[in-house]
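K.L.:
Would you mind keeping the following structure in view while I ask a few things?
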Amino acid sequence: MAGHPIVRARSLDGRLQALPVLVHAFDDAAPVAAVYVGYDDGSFFLLRPLSNTAEHIPFAAPEGSAFLVQSVEVASSHARRASFIILDRALRELARTNWDTPFDPRERPWFRLAAEPGKRVLTPPYVFATTHAPGLTVAIRSLHSAVVGLDLTLAQISERLAPMRGMPDMKIVLFDQQRQLLARAWLQR
């Protein structure tokens, strides 16, 4: 992704052209909650799946919604235009609303940590700005004034651990380097 043309795109229309590629981040290989690009000028472009009805509610997503785009465009005059765009499974637009937000990707931990081009970073757990879910981000700075990120919620990581339990009473616990609990999988009775 750090080498994809989206890292050089300077408009919402240019970024929307990358949707067919971005959608592949949600294939079953990894528990990805969102994929996005933050730009050095403060612009931002994110794609997230809307997997269930509970995820539709905060965005007033209509029936048939499959994805949400969050966009912040910063013009040369520093004016900000932010919007939510709801898409169906075929990536057709269903709805668009303005997003009143002071969100600036340059202030997020993933953007600050990804200072060196080509070096992948992993954030400590933090609360995501829009969904307020706890998770972590894998990010990498491109060579073109942008940082690409993938969000993983701690709940999604826990769900992925569950099938790895080989015996009925087996427990799996994932800690970070500071011994903070990140995810767990065991039967709760």
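K.L.:
Restricting the search to the range 98-117, which residues are more than 20 Å from Leu12 (Cβ to Cβ), surrounded by fewer than 18 Cβ atoms within 10 Å (Cβ to Cβ) and within 15 Å of the chain's Cα centre (by Cα)?
P.N.:
Answer for the range 98-117, where residues must be more than 20 Å from Leu12 (Cβ to Cβ), surrounded by fewer than 18 Cβ atoms within 10 Å (Cβ to Cβ) and within 15 Å of the chain's Cα centre (by Cα): just Pro109.
K.L.:
Could you tell me how many of the residues in the range 66-80 are under 18 Å from the mean Cα position of the chain (by Cα) and open to solvent by 10 Å² or more (accessible area, probe 1.4 Å)?
P.N.:
2
K.L.:
Which residue is modelled with the lowest pLDDT, if the candidates are limited to the range 130-149 and must be surrounded by fewer than 20 Cβ atoms within 10 Å (Cβ to Cβ), under 13 Å from Ala33 (Cα atoms) and hydrophobic (A, V, I, L, M, F, W, C)?
P.N.:
Filtering first and then ranking leaves Ala133.
K.L.:
So which pairs qualify, if the first residue must be in the range 136-152 and among the basic types (Lys, Arg), the second must be open to solvent by 10 Å² or more (accessible area, probe 1.4 Å), the Cβ gap must be under 6 Å, and the two must be at least 6 apart or on different chains?
P.N.:
Arg141/Pro117
K.L.:
So if I check each of Leu91, Leu87, Leu50, Leu68, which one is in contact (Cβ under 8 Å) with a residue 12 or more places away in the chain, on the phi > 0 side of the Ramachandran plot and touching a helix residue (DSSP H, G or I) at 6+ places or on another chain (Cβ under 8 Å)?
P.N.:
Sole residue among the options that is in contact (Cβ under 8 Å) with a residue 12 or more places away in the chain, on the phi > 0 side of the Ramachandran plot and touching a helix residue (DSSP H, G or I) at 6+ places or on another chain (Cβ under 8 Å): Leu91.
K.L.:
Another question, then. How many residues are among the aliphatic types (A, V, I, L, M) and in contact with a His (Cβ under 6 Å, 6 or more places away or on another chain) if we restrict to the range 45-72?
P.N.:
Residues in the range 45-72 being among the aliphatic types (A, V, I, L, M) and in contact with a His (Cβ under 6 Å, 6 or more places away or on another chain): 1 in total.
The values are calculated or read from the model by the stated rules, or taken from the named source; none is laboratory data. Not measured: the values here are computed from a predicted model. Every residue, glycine as well, gets a Cβ built from its backbone with ideal geometry; the counts of neighbours run over all protein chains shown. Each accessible area value is taken on the protein alone, full model and side chains, heavy atoms only, with ligands, DNA and RNA left out. Shrake-Rupley method; radii C 1.70, N 1.55, O 1.52, S 1.80 Å.
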